[in-house]
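In what follows, a structure is listed as structure tokens, so that the remarks can point back to it.
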């Protein structure tokens, strides 16, 4: 059996330990490596002529990407997890307690357990390669660093920076890691080993974190530290609403280690780590991690994707500008924006420039990198320079005739192989393709706003879309940094369909007399990033009003939007875009979230009802759950995994609940059916349970 660790000792008596997990692209730490690592350390400690040690990766582009998460899923009990954490702590303590200098030579990702190992070394040097990042992202899996990370990171970078890194999971690039004192040097990859060897030949030096005056003063006393911990707790609870236990446990570990002792800190870290692995929240986040990892390998069809060398975006509005940005900047594909006016093109160019300029100002990129990336985007008011584009993404108004014209124009001016992808949010793709000469090239590619931030994209194939078109479009979306789900054609597709009923129900609650604040608060407390009324203002009340009739015509009365909402449009209330909606956008509201009280008069309601937050959330969410099961039943989504990912990445369904289908399993199908039937009696047929739910309830089935 091939070994993961290879040790060579050079002429200067410095050992080079190279880690290379056999048969894997990335190095990850696994419990079964424990014995191998122990024998390596035994051998080194027994070598009396040893002068130093360098730990390096045998992989060309990564150091250690973290611990192998599957190892945690195979743990049968809390004690099994505790044993893994304790073993990791002891192993890294042995490295830290070695009598000779141990240096980590880092190239590529150094994350989670990888950074914990590197921090146990006496010094760290890393490369200036763009792929080199350092971080402790465990919180994103509902966990904390369980091999000493909560104790070593504050000692190296100070409490404030350590908490910032661990509570957000943010990753530092090489120069930022040096700035905060996490690494001692940043060098080109070709001299990484040489520099690390020189460092390993020098005596062990104790380093102190570089802190500004305020942090130094606060950190110096237990009272000051407690102020920092209490502020961190307040901030965490404001963001998580108490739904995620890991951040508070991280703070507790750091507090224990600094106020009591390193040993006490390590003991509480192992204990909290074991507790967290067993929580529903961590299981949900790990399920999400595995699902997205699995999806990265899928192509959406049996065909092999064609390479996209050049793209065109039709429409320079907010969506068009966003799609051009992820295509030209993220995917690095030369992109041509076609708009009817130069103003539209300028607007789209400004979208990318502003985002790049922000990066430039924060010194993430140089001025020449900014210019070179902007050179990837060009504009045209006619169809010049587009004959060779491989894909066209259409982002024009939701008007079927206009979209038919776009298909015709593209088929006239572009190549026979050119894919026409529509960013429609509600119109069936078959309707858009109905007059196409090459319907096999027509597909839906539905992005979510803001495009540069939202990770999901829906790829919608109609009956005549070719397998080749699907595969190429899925690959194109992945290159843009998106998580694509392939959905069947139909009004609203998947995400907007489940969202529409959720928002409609919120509107019904509002018209029954509950306040806008209580509505939004109820859903934010439930776990959504923003409430449904805020969402309506953000997306645009006018956009919602255009989608509802399409869904109602195709799918029936349950999609009928409350008629009182027409009064909002008659009063020219479109939301944030025209600074007139449910909330105020004037000077008095700057920095505050103030409801525009005059909206109640427009709607003809008085906010006097006080429904409980729990019932408000339940009514809105149960509609979303019910519609998700209909989409599965009709084959709109291929499986429950896609349905869960689509809801989390597309509309911010709470990740700790792992998605609508996982949440139904958690509540129990029988509970969901009886809740729906109760609301059906109270509020009407829009709450009728789907036939799939009724059938599953009768046969005692679950989704997972």
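The table that follows gives values for the structure above.
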quantity	calculated
Mean separation of Cα contacts under 8 Å, 6 or more apart, over the residue count of the chain: relative contact order %	9
FRET efficiency for residue 45 and residue 220, using Cβ-Cβ distance with R0 set to 35 Å, rounded to 0.05	0.45
Between the stretch 361-415 and the stretch 420-490, the Cα center-to-center distance that results, in Å	16
Exposure proxy order (Cβ contacts within 10 Å, fewest to most) of 205, 686, 152	205, 686, 152
The chain shape via C-alpha gyration tensor axes, a/c threshold 1.5	prolate
Extension gain from residue 614 to residue 566, taking 0.36 nm per residue of separation minus the Cα-Cα distance	14.4 nm
Angle between the chain longest axis and helix 246-259 axis [Cα atoms, degrees, rounded to 10]	30
Taking the stretch 311-491 and dividing mean pair separation by its residue count, relative contact order in percent (alpha carbons under 8 Å, at least six apart)	21
Alpha-carbon radius of gyration plus Dmax, which is the widest Cα pair, for the stretch 57-159 in Å	13.9, 42
Per-residue Cβ neighbour rank within 10 angstrom, fewest leading, 230, 545, 49, 662	49, 230, 545, 662
Bridge type composition, the stretch 311-491 - antiparallel percent by DSSP, nearest 5	15
Cα gyration tensor, the stretch 311-491 - rounded (a/c under 1.5), prolate or oblate	prolate
Share, in percent, of DSSP beta bridges within the chain that are antiparallel, nearest 5	25
Antiparallel %, DSSP beta bridges [both residues in the stretch 5-275], to 5	30
Relative contact order %, the stretch 5-275, counting alpha carbon pairs below 8 Å whose residues are six or more apart	19
Mean-position separation - Cα centroids, the stretch 302-328 and the stretch 185-218, in angstrom	43
Extension gain (nm, one decimal) between residue 512 and residue 437, 0.36 nm per residue minus Cα-Cα	22.0 nm
Nearest-0.05 FRET efficiency for residue 408 and residue 208, computed from C-beta distance (R0 56 Å)	0.20
Cα gyration tensor category, rounded, prolate or oblate, for the stretch 5-275 with a/c compared to 1.5	prolate
Distance between the stretch 43-100 and the stretch 232-284 - C-alpha centres, whole angstrom	22
Helix 400-413 axis, angle to the chain major axis (alpha carbon atoms, nearest 10°)	60
FRET efficiency estimate (nearest 0.05) - Cβ-Cβ, residue 2 to residue 96, R0 35 angstrom	0.80
Peptide ranges 308-316, 562-570 listed from the most packed, as the mean C-beta count within 10 angstrom indicates	308-316, 562-570
Difference of contour (0.36 nm per residue) and Cα-Cα distance, residue 360 to residue 330	9.3 nm
Cα long-axis angle, helix 159-168 against the chain (0 to 90 degrees, to the nearest 10)	40
Ranking of 136, 519 by count of other Cβ atoms within 10 Å, fewest first	519, 136
Spacing of the two label points (7 Å from each Cα toward its C-beta) at residue 546 and residue 666, in nm	3.5
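Read the figures in this text as sums done on the coordinates, not as results from a lab. Owing to the predicted nature of the structure, the values given are computational and were not obtained by experimental measurement. Cβ: placed from backbone, ideal geometry, glycine included. Neighbour counts: every protein chain shown.
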